[in-house]
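Peer 1: This is the structure I have questions about; it appears just below.
Derivation of every value follows stated rules applied to the coordinates shown; laboratory data play no part. Only a predicted model underlies this, so the values are computations on that prediction, with no experimental measurement involved. Positions of Cβ are backbone-derived with ideal geometry, glycine not excepted, and every protein chain shown enters the neighbour counts.
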Amino acid sequence: MAPASQGLAGRRPLHRAAWVALWVNLALAAGKGVAGLVFASHALVADALHSLGDAAGSFAVVFGVRVAELPPDRQHRYGHAKAESLAGLAVAALLILAGLAIGGEALVALFSRSRAEPDWAAAYAAAGALVVKEGLYQWNVRLGRRLRSPALLANAADHRSDEWTSAAAVLGVLGARLGLPLADPLAALVVAALVLVYAVRLAGDHVDELLDREADSPTRALVRETALSVHGVREVQRLRTRRSGPFVHVDLEIGVDGHLSLVEADRLAHDVIDAVERLDVVQDVVVHVNPIEAPGRDSSRA
């Protein structure tokens, strides 16, 4: 496997996707904000605030991806890949603030005595934003899965949540135009609720990863099978993994013939390290060798 720094440096498309998301979110925030004010739609103004929060989140992703590409140094021996998870957590925090701001604005509008009827143009603006966001979602989610980027996947999910808020804005305008004056501020409240629910869920996912969550079951099974495929390994006695951004760190205990010399056991450990590190998702492997006397048995403590 290539060194981690080279692997991360090869993920340059992340920069392009993050910068595109930043500028598109800024443009959408400005466009929806102006349209919401001009055409008297509280739901569209709320959606604009959401896009402004998205733009701040996209800036956090740009920063996180840049830091994640830094190679290991004396203070950070395992590299900086978790910066992407921190960026995802920053996105969640900014969305929580945006959701609270949207909810406050919606409540003020809901209890306001003077309530202008939104123009049809506000619905057209929200619908156009929905189409743009779906395109961004498809692009980001495919790239994020291919490059295993938590920050980019967080951004992709954020684009999808934006679609729901834009759809709520469209429904709010339609309801108001059909004689339901409370529909628009109520739609803004729905937007706020959707943003907050998504943001809290996103924050939980990234906190979990920062607390060294195990790799998924297929990845763990692949690591185990790879270690067992090395000639001389009788059993995998213990397997621990932890995620670090797009990569996985692996700790292995293997059982080998107790009659092997120290040199032979050390050579076998390095063979296992080389085999597991060839897996694209693995960044670092530590192997501990335990001597066993009997033929291997299929046992596991993890």
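Peer 1: Quick check on the exposure proxy: order H15, H231 from fewest to most C-beta atoms within 10 angstrom.
Peer 2: In increasing order of surrounding Cβ atoms, one gets H231, H15.
Peer 1: How do F247, F63, F39, F111 line up, fewest other C-beta atoms within 10 Å first?
Peer 2: F111, F63, F39, F247
Peer 1: Rounded, prolate or oblate, given the Cα gyration tensor of the range 91-180, with a/c below 1.5 counting as rounded?
Peer 2: Judged from the Cα gyration tensor, the range 91-180 comes out oblate (a/c at least 1.5, b/c at or above a/b).
Peer 1: Turning to a different aspect of this structure: May I ask for the longest run of the chain untouched by GluC sites (Glu not before Pro) that are loop-located per DSSP and have at most 15 neighbouring C-beta atoms (other than their own) within 10 Å?
Peer 2: Of all site-free stretches, the longest is 1-213.
Peer 1: Could you check what % of the DSSP bridge pairs in the chain are antiparallel, to the nearest 5?
Peer 2: Counting only bridges with both partners in the chain, antiparallel ones make up about 50 percent.
Peer 1: Let me ask something else. Over the chain, what is the mean sequence separation of C-alpha contacts under 8 Å (at least six apart), divided by residue count, expressed as relative contact order in percent?
Peer 2: Dividing the mean separation by the residue count of the chain yields 18 percent.
Peer 1: Three principal axis extents, largest first, for the C-alpha atoms of the range 217-292, in Å?
Peer 2: 39, 19, 16
Peer 1: Related question: Express the relative contact order of the range 80-207 as a whole percentage, based on alpha carbon pairs under 8 Å and six or more residues apart in sequence.
Peer 2: Taking the mean separation of contacting Cα pairs over the length of the range 80-207, I get 41 percent.
Peer 1: List the residue ranges in the chain for DSSP H helices whose C-alpha atoms run 24 angstrom or more along the long axis and whose Kyte-Doolittle average is 0.0 or above.
Peer 2: For the chain, where a helix must reach 24 Å along its axis and average at least 0.0, the hits are 13-38, 42-68, 83-110, 120-147, 150-177, 183-210.
Peer 1: Find the centroid of the Cα atoms in the range 176-218 and in the range 244-288, then give the distance between the two in whole Å.
Peer 2: 41
Peer 1: Report, for the range 217-292, the % of DSSP beta bridges that are antiparallel, rounded to 5.
Peer 2: 50
Peer 1: Taking only Cα atoms and a 10 Å spring cutoff, compute GNM fluctuations for the chain and point out the largest among Q237, Q75, Q283.
Peer 2: Q75
Peer 1: Follow-up. Once you've got the GNM for the chain with C-alpha springs shorter than 10 Å, pick whichever of D205, D184, D216 has the biggest mean-square fluctuation.
Peer 2: D216
Peer 1: Once every DSSP H run of n ≥ 4 in the chain is given -39500 (n - 2.57) and the sum is divided by its residues, what mean residue ellipticity at 222 nm do you get, rounded to the nearest 500 deg cm²/dmol?
Peer 2: For the chain, the value works out to -23000 deg cm²/dmol.
Peer 1: What relative contact order, as a whole-number percentage, does the range 181-302 give when Cα pairs under 8 Å and 6 or more residues apart are counted?
Peer 2: Relative contact order of the range 181-302: 25 percent.
Peer 1: In addition: Ranking request for peptides 28-36, 188-196: highest mean number of other beta-carbon atoms within 10 Å first, then the rest in descending order.
Peer 2: Those peptides, ordered most packed to least, come out 188-196, 28-36.
Peer 1: L279 to A27: extension gain in nm, 0.36 nm per residue of separation minus the Cα-Cα distance?
Peer 2: 86.7 nm
Peer 1: Over the residues of the chain, compute the C-alpha Rg and express it relative to 2.2 N^0.38 Å.
Peer 2: 1.30
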